[in-house]
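The values are calculated or read from the model by the stated rules, or taken from the named source; none is laboratory data. Since the structure is predicted, the reported quantities are computational estimates derived from the model, not experimental observations. So basically every Cβ, Gly included, is an ideal-geometry build from the backbone, and we count neighbours across all protein chains shown.
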Amino acid sequence: MPGRLPTRDDFPTSIILSVTPPSSSQPPTNVLILLHGLGDTNASFTTLGQRLNLPETACISIQAPNPLPFDLGGFHWGDDIVFDQASGEMDVDTGFKSSTRLVLENVIRKGLVEKCGYKPREIIMFGFGQGGMVGLQVATEFDGEELGGVISIGGVVPSTLPLKALSNKSRTPVIVCKGSKNSIVTQSAISRMKDAFESVEVKEWRKSGDGMPSNREEMLPIMQFFARRLRSVKGVPEGSVELA
């Protein structure tokens, strides 16, 4: 039995989120959890879920729990706020214990698995920057079971997360996308991810920085990942091409 379509009432009222059902009355066989970046809200990733229009997939866009200070607008996922004294910019890697608990316990375990009937394998996370870091930490702490996958745009395994023994690597597959220069996804960060996960795919875009994908070439490996990991109760429609 596939899970049922989540509703707002399946989650604590303290969590700001939106639920976008699959189009064309398709069954919600999968759930895509969308985690925005530092200083954003869940509204932009609600739109992203609608534009992706993935088959048989409900999208849940979650807003980070902590507002930015000084009336800057937007929200962040970190346990703390730290400014780099040299650059004056906010440090993105400040620990994610409370945000991980919010996503892992309140959204996935209690909401999607217990109330809505989803299997962990049917749940994929897509995060940008800090949101990607939260998604990766959630996957490492989901003991014993494989999630559908984590797509991280410019997000790495948080430095505050102690890595498990190599024999206990997470079985959740990960794809990480990064810019070819000025990326926080360094070689040491990639090595750390490979210490935490059995399967890590790294896609390097020909641009500076770790912004969101902006063209078909950048989006293609993400869509191929979806094609491999999304489940279907309807099968592949006649005449369609399934990406490898």
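If you check residue 18 against the conditions, is it among the small types (Gly, Ala, Ser) and touching a residue at least 24 places away in the same chain (Cβ under 8 Å)?
When the stated conditions are applied, residue 18 passes them.
Pairs, please: C-beta under 7 Å, at least 6 apart or cross-chain, first residue closer than 30 Å to residue 122 by Cβ and among the polar types (S, T, N, Q) and in segment 58-86, second assigned to a loop (DSSP other than H, G, I, E, B) and at pLDDT 95 or above?
From segment 58-86, the pairs are 63/16; 63/41.
Output the residue which, of all residues in segment 159-180 that are at pLDDT below 95 and among the hydrophobic types (A, V, I, L, M, F, W, C), is nearest to the chain's Cα centre (by Cα).
My answer is 161.
Kindly provide the set of residues from segment 207-231 that are closer than 22 Å to residue 130 by Cα and assigned to a helix (DSSP H, G or I), ordered by number.
Listed by number, the residues that qualify are 218, 219, 221, 222, 223, 225, 226.
From the list 160, 140, 100, pick out the single residue that is part of a loop (DSSP other than H, G, I, E, B) and among the β-branched types (Val, Ile, Thr).
160
Does at least one position in segment 186-206 carry a residue that is closer than 29 Å to residue 28 by Cβ, touching a helix residue (DSSP H, G or I) at 6+ places or on another chain (Cβ under 7 Å) and at pLDDT 95 or above?
Scanning segment 186-206 turns up at least one residue that is closer than 29 Å to residue 28 by Cβ, touching a helix residue (DSSP H, G or I) at 6+ places or on another chain (Cβ under 7 Å) and at pLDDT 95 or above.
State whether one or more residues within segment 65-81 are part of a loop (DSSP other than H, G, I, E, B) and crowded, with 23+ Cβ neighbours inside 10 Å.
Taking every residue of segment 65-81 in turn, at least one turns out to be part of a loop (DSSP other than H, G, I, E, B) and crowded, with 23+ Cβ neighbours inside 10 Å.
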